[in-house]
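What follows is a set of notes on a single structure, which appears directly below.
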């Protein structure tokens, strides 16, 4: 037998093995899960997904695309690719490996390899306590601080992961965590060795992440589940269950990192600043009519951030710009950036739900409209940051295959000449986005 034929036979055998011990997914297809024992308590499972974006963005003043000034741009990108393996060799031990790039666009010609994301192991002593360690996105603070999963809108709110790239790599950090459920209380606590920004010199009366050795980051999140319990198998929380569960949770979280940032005083003294963040959030998701497929979902959060004096961070998600002309730029930066996180307070709410199935007998496609608003008051800015999102998803197969349209309105803060001036809102820009998500199973 040739090597090529052997590989083909092996592939067919593996597929048949997985199919023999299958569970159904949103596609009603066999999942890629192979049980290692007759009791089906030990297994190896493969999963993954891709998200494609087509977008038109009105760009911030002075934005450059391939060194050319542009006021707006169309672009295509792959927002995320994920390939995941979960193995449970014993009833109490779970090992997770996950790879995949993010933001594969025309600006990432040299960054399209399959990055290592997750590599961690977890031992479950009981429902009350599990202990894990490695590189993962397990963290505290809020419901959506770990990143996206089953989103109500096109993505999770950017401020929820506002430290991305400063203390982590694609939201992942090396560390240990403890989690569990005690009755209706769900908890997680983490201790991580964060990655350092490694490039920011101390600035006058403006905190930035420092280049010193990283201090450990402590975080925790506790939520009380009044109705149906949610799974804590993975660090991710659903944005909506599409009416399959009835959930009402209230959560509280915090994170702390000593000497995470620094700034200089008028006398030239370098002062270190701790990162101290607190959050309280509420999540409600309920069916309205299970037969018709209608449901309602809502989420709200109040977040208090303390990074030190005048800290703000502009973020442009999957930014289409390659640079900015400093002579005519704004405080908001290049492309689709705006002040997402900073020292101050943030309030956010999103609502949405599913409309009746198009075909009641087949329980097929349905629409899911949603909207959100972010309102942030940052110490550095004269005006609040107000960002609106509104969109609708066409669900082909639940969250496993869906097409989402979103329109976002964001503020532009004008340029200032000195720290004595507080940037004001001078204009607004729009982004129109079409996303398709497809799961691999």
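The values are calculated or read from the model by the stated rules, or taken from the named source; none is laboratory data. Remember, it's a predicted structure, so these values are computed and weren't measured experimentally. No Cβ is skipped: glycine too gets one built from the backbone with ideal geometry, and neighbour counts run over all protein chains shown.
Can you tell me how many residues in the range 36-48 are touching a residue at least 40 places away in the same chain (Cβ under 8 Å) and either part of a loop (DSSP other than H, G, I, E, B) or buried (at least 19 other Cβ atoms within 10 Å of the Cβ) (or both)? Full working, then the answer.
Here is the first cut: in the range 36-48, the residues touching a residue at least 40 places away in the same chain (Cβ under 8 Å) are 36, 41-48.
Next, from what is left, pick out any that are either part of a loop (DSSP other than H, G, I, E, B) or buried (at least 19 other Cβ atoms within 10 Å of the Cβ) (or both): 36, 41-42.
Looking only at that region, the number is 3.
Tell me, please, whether a residue that is under 29 Å from residue 114 (Cβ atoms), part of a loop (DSSP other than H, G, I, E, B) and without any contact (Cβ under 8 Å) to a residue 60 or more places away in the chain can be found in the range 167-189.
Scanning the range 167-189, I find at least one residue that is under 29 Å from residue 114 (Cβ atoms), part of a loop (DSSP other than H, G, I, E, B) and without any contact (Cβ under 8 Å) to a residue 60 or more places away in the chain, so the answer is yes.
Assuming residue 409 fulfils every condition listed in (1) in a strand (DSSP E or B); (2) surrounded by 21 or more Cβ atoms within 10 Å (Cβ to Cβ) apart from one, which condition is it?
(2)
Give just the number: which of (1) in contact (Cβ under 8 Å) with a residue 60 or more places away in the chain; (2) closer than 23 Å to residue 399 by Cβ; (3) over 21 Å from the mean Cα position of the chain (by Cα) does residue 207 not satisfy?
(2)
When you scan the range 273-289, do you find a residue that is buried (at least 19 other Cβ atoms within 10 Å of the Cβ), part of a loop (DSSP other than H, G, I, E, B) and in contact with a strand residue (DSSP E or B) (Cβ under 8 Å, 6 or more places away or on another chain), even just one?
no
Within the range 208-224, restricting attention to residues that are surrounded by 18 or more Cβ atoms within 10 Å (Cβ to Cβ) and in a loop (DSSP other than H, G, I, E, B), which residue is modelled with the lowest pLDDT? Walk me through how you get there before you give the answer.
Keep residues of the range 208-224 that are surrounded by 18 or more Cβ atoms within 10 Å (Cβ to Cβ), which gives 208-210, 214-215, 217, 219-221, 223.
Still in the list and also in a loop (DSSP other than H, G, I, E, B): 210, 214-215.
Working: 210: 87, 214: 69, 215: 84.
Top of the filtered list is 214.
Residues that are surrounded by fewer than 23 Cβ atoms within 10 Å (Cβ to Cβ): which strands (runs of 3 or more DSSP E) entirely in the range 329-384 hold 2 or more of them?
Per the criteria, 344-352, 366-378.
Take the conditions over 29 Å from residue 85 (Cα atoms) and within 19 Å of the chain's Cα centre (by Cα) and apply them to residue 427. Does it pass? Can you show your working first?
On the way: over 29 Å from residue 85 (Cα atoms): yes; within 19 Å of the chain's Cα centre (by Cα): no.
No.
Being within 23 Å of the chain's Cα centre (by Cα), touching a residue at least 60 places away in the same chain (Cβ under 8 Å) and farther than 30 Å from residue 121 by Cβ, is that true of even one residue in the range 246-269?
No.
Going residue by residue through the range 414-435, is there one that turns out to be free of Cβ contacts under 8 Å to residues at least 40 places away in the same chain and surrounded by 15 or more Cβ atoms within 10 Å (Cβ to Cβ)?
No, the range 414-435 contains no residue that is free of Cβ contacts under 8 Å to residues at least 40 places away in the same chain and surrounded by 15 or more Cβ atoms within 10 Å (Cβ to Cβ).
Residue 184 versus (1) surrounded by fewer than 14 Cβ atoms within 10 Å (Cβ to Cβ); (2) at pLDDT below 95; (3) touching a strand residue (DSSP E or B) at 6+ places or on another chain (Cβ under 6 Å): which is the lone unmet condition?
Condition (2) is where residue 184 drops out.
Taking residue 106 as the residue in question, decide whether it is assigned by TED's automatic domain parsing to the domain that holds residue 182, in a strand (DSSP E or B) and either modelled with pLDDT under 95 or closer than 25 Å to residue 44 by Cβ (or both).
Working: assigned by TED's automatic domain parsing to the domain that holds residue 182: yes; in a strand (DSSP E or B): no; either modelled with pLDDT under 95 or closer than 25 Å to residue 44 by Cβ (or both): yes.
No, not satisfied.
With the checklist (1) in contact with a helix residue (DSSP H, G or I) (Cβ under 9 Å, 6 or more places away or on another chain); (2) surrounded by fewer than 23 Cβ atoms within 10 Å (Cβ to Cβ) in hand, flag the one item residue 306 doesn't pass.
(1)
Assuming residue 235 fulfils every condition listed in (1) without any contact (Cβ under 8 Å) to a residue 40 or more places away in the chain; (2) in a loop (DSSP other than H, G, I, E, B); (3) in contact with a strand residue (DSSP E or B) (Cβ under 9 Å, 6 or more places away or on another chain) apart from one, which condition is it?
(1)
Take the residues in the range 187-207 that are surrounded by 15 or more Cβ atoms within 10 Å (Cβ to Cβ) and modelled with pLDDT under 85; name whichever of them is nearest to residue 420 (Cα to Cα).
Among those residues, the one meeting the criterion is 200.
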